[in-house]
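A.B. asks: Provided herewith is a single structure, encoded as structure tokens, for subsequent inquiry.
The values are calculated or read from the model by the stated rules, or taken from the named source; none is laboratory data. The model shown is predicted, which means the values in this text are computed figures rather than measured ones. Cβ placement follows ideal geometry from the backbone for every residue including glycine, while neighbour counts extend to all protein chains displayed. The protein model used for the area step is the full one, side chains on, heavy atoms only, and it has no ligands, DNA or RNA in it. Shrake-Rupley method; radii C 1.70, N 1.55, O 1.52, S 1.80 Å.
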Amino acid sequence: KTVLVTDPQRAVEEILERVLAAEGYDLAGADGADPDLVLTPETGTARFWDMYWQPEATARAVADSGLGATIGGPLFDADGHTERMKATALASLEELEPFAPRVGRALAPHSIYTVSEELLRWTAEVAADREIPVQIHLAETEREVQDCLAAHGERPAQYLDRLGLLGERTMLAH
């Protein structure tokens, strides 16, 4: 049987919710937060990083749980809406401010293949000005590496370094 998946993110969330429910975890009241948050106290996790669609909901869940987190809403502008994404990022930083110090704010450009060079440079500047961390996926696939070499003549880490994104406040995923 073939299934057409029009919203891959939601499909993954639904699968995770079904698996966790089958294992006896209660996801009620997560209010848009990452379902993985429900599991963290049982694994001994005290603090984590998160790049998820509902940063404020995740921050509320963190505040209620007693955990700590560094949270950033994912930034994408492959659709060409760079200015809108900048405004969204700044609004997200402000929405997370009341949850400090338990919740640290971050900028979270998804990856070099979903974020323009303009938005990556802007992210580096804002992060440096505000002294906040950056979380980004890096070198997830061989194709990402090959595409970066073809487009920029350098590997993904070199590209991010040239744009000013690599430093002591950068967290690289994968």
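A.B. asks: Here's a check for you: in the stretch 90-127, which residue that is in contact with a Gly (Cβ under 7 Å, 6 or more places away or on another chain) and of a type in the set (G, A, S) is nearest to R47 (Cα to Cα)?
C.D. replies: In this case the residue turns out to be A106.
A.B. asks: Let me ask something additional. Would you pick out the residues in the stretch 58-98 that are open to solvent by less than 10 Å² (accessible area, probe 1.4 Å), closer than 15 Å to R130 by Cα and in a helix (DSSP H, G or I)?
C.D. replies: If the condition is that a residue be open to solvent by less than 10 Å² (accessible area, probe 1.4 Å), closer than 15 Å to R130 by Cα and in a helix (DSSP H, G or I), then A89, L93, L96 are the ones that fit.
A.B. asks: Quickly run through the stretch 140-165 and pick out the residues that are within 17 Å of L75 (Cα to Cα), open to solvent by 40 Å² or more (accessible area, probe 1.4 Å) and hydrophobic (A, V, I, L, M, F, W, C).
C.D. replies: Result: no residue meets the conditions.
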